[in-house]
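First the structure, in the form of structure tokens, and then the observations on it.
The values are calculated or read from the model by the stated rules, or taken from the named source; none is laboratory data. Computed from a predicted model, the values in this text were never measured in an experiment. Glycine gets a Cβ as well: all are built from the backbone with ideal geometry, and neighbour counts include every protein chain shown. To get the accessible areas, we keep the full protein, side chains included, count just its heavy atoms, and leave off ligands, DNA and RNA. Shrake-Rupley method; radii C 1.70, N 1.55, O 1.52, S 1.80 Å.
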Amino acid sequence: MQTICRNSLIAVLLCWFCASCVSAMSQGSIDLDIRQVDGKPAFCLPASDDTGSNPIQIRRVGVSRSTGVTTPAVTYWNATLPDSAPPVYLKRGECLVYGQTVSGAIVDTPAKPLNANNYYDVTIMHAGETGAVYSSIFCVLRQADGSIRIAVPGKQHNPCASLGD
């Protein structure tokens, strides 16, 4: 009888623990605002979100592109701020421009040229265990005059839809 009670208690505690982990991770990412600055994508922190309206301390910023279901994503830019670096904060409404130098960051992958007519994923990770992950998808479109335009798929209209990626 004691074994049954002990095993039942262990099972209940294990279920509670798993449910707590799933609940904590279920928030998902928070959308970044994507803009274009001097022909490059700029990743902007929204004015406010579920985490509030305070600045965030950046831990990592990265841009990648999925090339297929069975192949790993290709990293186009990745910079990490180690614990030993002075903290870098991104204020609400401020942006990081693709390839921008971030003070104290270790550049794991220097910014590579972005190819027109492709989708890319961007992620900014907040420092701290409970920090939010900010991310978005954008595409690079070639215009008729040869210039490029940074676009974001929207709820009502998707300027990237014709890419077929």
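When segment 58-72 is filtered for residues that are open to solvent by less than 50 Å² (accessible area, probe 1.4 Å) and touching a residue at least 12 places away in the same chain (Cβ under 8 Å), the ones remaining, listed by number, are Ile58, Val61, Gly62, Val63, Ser64, Arg65. If you go through segment 82-111 and pick out every residue that is within 17 Å of the chain's Cα centre (by Cα) and assigned to a strand (DSSP E or B), you end up with 8. Against the conditions (1) out of contact with any Phe, Trp or Tyr (no Cβ under 9 Å at 6 or more places or on another chain); (2) surrounded by 15 or more Cβ atoms within 10 Å (Cβ to Cβ); (3) among the hydroxyl-bearing types (Ser, Thr, Tyr), Ser84 satisfies every one except (2). Each residue in segment 112-138 was checked for being open to solvent by 50 Å² or more (accessible area, probe 1.4 Å), under 30 Å from Asn158 (Cβ atoms) and outside any strand (DSSP E or B), and 4 pass.
In this structure, Thr70 qualifies as among the polar types (S, T, N, Q) and in a loop (DSSP other than H, G, I, E, B).
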